[in-house]
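Quick note: the coordinates plus some simple rules give every number you see, no bench work behind them. Quick caveat, the model's predicted, so the values are computed rather than measured. Every residue, glycine among them, receives a Cβ derived from its backbone with ideal geometry; neighbour counts consider all protein chains shown.
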Amino acid sequence: MGLRETFLPWPVLRQALAAVGGGDRLGRGAAARSGRTDALTPRIATADRVAASVCPYCAVGCGQLVYVKDEQVVQIEGDPASPVSRGRLCPKGAATKQLVTNPLRETRVRYRRPHGTEWEDLDLDTAMGMIADRVIATRAQTWTDRDDQGRRLRRTMGIAALGGATLDNEENYLIKKLGTALGAVQIENQARI
């Protein structure tokens, strides 16, 4: 085995040799490929289906393509057909796959009782029931039907909502509708602030 064959597996030398005498002057053709590179396949090639979606991080509404295999998200990319983003995503949008696949993502409800010092795990149904009970009780306790002059108000000042930047426009619209239906008047969205 000669010197050339010994160092050929090194990509830099392989590209340099191809650029000098192999016809691949830029060193980006066959010289840049390796056995490992040839064995790679894109994550989207194995997907069973593709779902069009919208990035949840801000109010811009960049289009996304969500690639799914065996009902698991395998990749999220920008949607080239989106008139908003034309296939581009910001760093947060490009990392949205981590919202559903990150092993460190919390999948349980953590609750600390009033004046408690320890967190406990609750199942989702219990937590949702607690939230619903508290919203109904707060609305009942703080409801104002009329002001001092007898004018009809039908509102509660005990409930407020602040939508986060990870909510899309449709979710913020639904939060606004729910808040209004409950009689809340203090409703805002972080993406607009």
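Details
- Remark on the stretch 43-101: hydrodynamic radius 11.3 angstrom, per the Kirkwood mean of 1/r across alpha carbon pairs.
- For peptides 179-189, 142-152, 124-134, sequence by mean Cβ density within 10 Å, most packed first: 179-189, 124-134, 142-152
- As a calculated quantity, the FRET efficiency between Val109 and Asp147 at R0 = 25 Å, using C-beta atoms, amounts to about 0.05.
- Once backbone amide H atoms are built at 1.01 Å from N, Gly163 has Glu188, Asn189, Gln190 as its partners under 5 Å, excluding neighbours fewer than 5 places away on the same chain.
- Segment Ile131-Thr180, extension gain: residue separation times 0.36 nm, minus the distance between their alpha carbons: 15.9 nm
- For Gly78, distant residues with modelled amide H under 5 Å away: Leu65
- Classification of the stretch 109-192 by its C-alpha gyration tensor yields an oblate form. The axis ratio a/c (a ≥ b ≥ c) is 1.5 or more, and b/c is at least a/b.
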